[in-house]
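Below: the structure, in structure tokens.
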Amino acid sequence: MGDTTPIYGDDAEMNAVMEEARRARHGLRIELQRSGTRSTLIAILLACVAMLQPNALFADTIPVRHTEGLIHGFLVVRTLEGKALADGQMTQDARGDRVTNHLIFRFKDGSIYEDTTIFSQRGTFRLLSDHLIRRGPSFKQPMDTSIDASTGQVKVRYTKDKGKEKVIAQRMELPPDVANGLLFTLIKDINPSVSRTTVSLVATTPKPRLVKLAILPQGEEPFTIGSFRHNAMHYVVKVEIGGVTGFLARLMGKQPADTHIWVLGGEAPAFVKAEGPFYVGGPIWRIQLASAGLF
């Protein structure tokens with residue numbers, strides 16, 4: 001799947017957060033001066049911020065436990081109340097160690113969510129490229145994002161409020177565990193006995209930022225398909241923003257919403273369901289397997 005885990009809506013929102021934090025720091029400085037404990041508390045705050053720097057957030061490459069191959073599946077996007085919003089289709093083809101995955105959702109209001117991901121599976125999963133398109137009234141801001149993991153080149157094409165198109169082209173130092181477009185593939189191969197697995201993600205706000213995703217198993221939950229009963233492993237995916245930005249996100253109540261994913265384990269693991277926002281501040285939508293219509 002693509003990058004459905006949000007960070008911030010746009011740079012204007014980030015600037016608003018920074019301005020609000022500046023005012024809070026100014027008030028804190030005055031209060032500290034009055035209390036006579038300024039130096040001690042500032043030292044504690046600086047230590048906390050230092051602990052949140054990106055290099056303190058470790059990440060993992062995911063070993064290939066189950067080789068990816070040919071897939072053609074059908075999905076549906078619904079609200080948590082069950083209203084159908086979009087029909088989806090996923091196709092995947094493997095040529096040796098190189099795999100191409102294509103996912104598209106067509107919304108009833110004409111919106112499109114389309115993600116094409118190419119990755120290798122030689123020992124560990126490794127992103128090669130990802131191209132994500134989201135546009136239409138279902139999304140707060142139309143955006144076209146491409147990532148070339150081999151060169152670190154990231155390009156974001158987006159439309160501002162007045163319809164003006166802008167482009168950001170940036171070269172980034174991308175770690176080997178970057179997981180854009182790979183989350184649903186990786187989570188099938190995660191060892192559920194490991195309490196925490198962390199991977200990297202390029203989040204576009206629209207400015208590209210590197211964040212971490214912490215994947216935490218929550219235990220098995222039963223579900224049925226017809227007369228067959230199964231158990232799915234429930235994972236929670238949390239966004240971890242490093243440095244001062246992450247510190248301010250938590251301080252100002254801007255921490256992104258969690259994403260919940262359910263996976264059928266065993267010899268042939270399979271995606272069952274996911275619940276999370278498709279964009280920053282958006283509603284929580286459910287992605288699940290579609291049922292065949294009559295023919």
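The values are calculated or read from the model by the stated rules, or taken from the named source; none is laboratory data. Fair warning: this is a prediction, and the values are worked out from it, not measured in the lab. Positions of Cβ are generated from backbone atoms using ideal geometry, with glycine treated the same way; all protein chains shown enter the neighbour counts. In case anyone asks, the SASA skips ligands and DNA or RNA and just uses the protein heavy atoms, side chains included. Shrake-Rupley method; radii C 1.70, N 1.55, O 1.52, S 1.80 Å.
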ask   = Can you find a residue in segment 40-49 that is open to solvent by 40 Å² or more (accessible area, probe 1.4 Å), within 27 Å of Leu216 (Cα to Cα) and modelled with pLDDT under 95?
value = yes
request  = Quick one: count up the residues across segment 102-161 that are in contact with a Pro (Cβ under 7 Å, 6 or more places away or on another chain) and of a type in the set (Val, Ile, Thr).
outcome  = 4
note = Selection from segment 109-124 of residues open to solvent by less than 30 Å² (accessible area, probe 1.4 Å) and either touching a Leu at 6+ places or on another chain (Cβ under 7 Å) or in a strand (DSSP E or B) (or both) yields Ile112, Tyr113, Asp115, Thr117, Phe119, Ser120, Gln121
query = Taking Ala203, is it at pLDDT below 95 and outside any strand (DSSP E or B)?
reply = no
query = Could you say whether any residue in segment 105-113 is in contact with a helix residue (DSSP H, G or I) (Cβ under 8 Å, 6 or more places away or on another chain) and at pLDDT 95 or above?
reply = no
query = Name the residues in segment 95-108 that are surrounded by fewer than 17 Cβ atoms within 10 Å (Cβ to Cβ) and in contact (Cβ under 8 Å) with a residue 24 or more places away in the chain, would you?
reply = Asp97, Arg98, Lys108
request  = Tell me, yes or no, whether segment 182-195 has at least one residue that is assigned to a loop (DSSP other than H, G, I, E, B), at pLDDT 95 or above and either within 16 Å of the chain's Cα centre (by Cα) or more than 24 Å from Ala268 (Cα to Cα) (or both).
outcome  = yes
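Yes/no matrix, rows are residues, columns are (1) open to solvent by less than 10 Å² (accessible area, probe 1.4 Å); (2) touching an Asp or Glu at 6+ places or on another chain (Cβ under 9 Å):
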site	(1), (2)
Arg126	no, yes
His131	no, yes
Lys140	no, yes
Gly152	yes, yes
Val156	yes, yes
Lys160	no, yes
Ser193	no, no
Val199	yes, yes
remark   = With criteria (1) over 27 Å from Arg65 (Cβ atoms); (2) among the acidic types (Asp, Glu); (3) touching a strand residue (DSSP E or B) at 6+ places or on another chain (Cβ under 6 Å), Asp161 comes up short on (3)
request  = Keeping to segment 109-122, report how many residues are over 16 Å from Ile187 (Cα atoms) and either touching a residue at least 60 places away in the same chain (Cβ under 8 Å) or of a type in the set (A, V, I, L, M) (or both).
outcome  = 5
ask   = Pick from Gln255, Gln218: which is out of contact with any Pro (no Cβ under 9 Å at 6 or more places or on another chain), modelled with pLDDT of 95 or more and open to solvent by 70 Å² or more (accessible area, probe 1.4 Å)?
value = Gln218
key: Subset of segment 66-94 that is in contact with a Phe, Trp or Tyr (Cβ under 9 Å, 6 or more places away or on another chain) and among the charged types (D, E, K, R) - its residue that is most open to solvent (accessible area, probe 1.4 Å)   = Asp87
query = Looking only at segment 257-278, which residues are part of a loop (DSSP other than H, G, I, E, B), in contact (Cβ under 8 Å) with a residue 12 or more places away in the chain and not acidic (Asp, Glu)?
reply = Ala257, Gly265, Ala268, Pro269, Phe278
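Given the options Ile225, Ile241, name the one that is open to solvent by less than 50 Å² (accessible area, probe 1.4 Å) and at pLDDT 75 or above.
Values: Ile225 fails: open to solvent by less than 50 Å² (accessible area, probe 1.4 Å).
On inspection, the qualifying residue turns out to be Ile241.
From the list Arg78, Arg171, exactly one residue is closer than 26 Å to Ala274 by Cα and basic (Lys, Arg). Which is it? First the steps, then the outcome.
Working: Arg171 fails: closer than 26 Å to Ala274 by Cα.
Of Arg78, Arg171, the one residue that is closer than 26 Å to Ala274 by Cα and basic (Lys, Arg) is Arg78.
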note = Of the conditions (1) closer than 17 Å to Gly181 by Cβ; (2) modelled with pLDDT of 95 or more; (3) in contact with an Asp or Glu (Cβ under 9 Å, 6 or more places away or on another chain), the single one that Thr61 does not satisfy is (2)
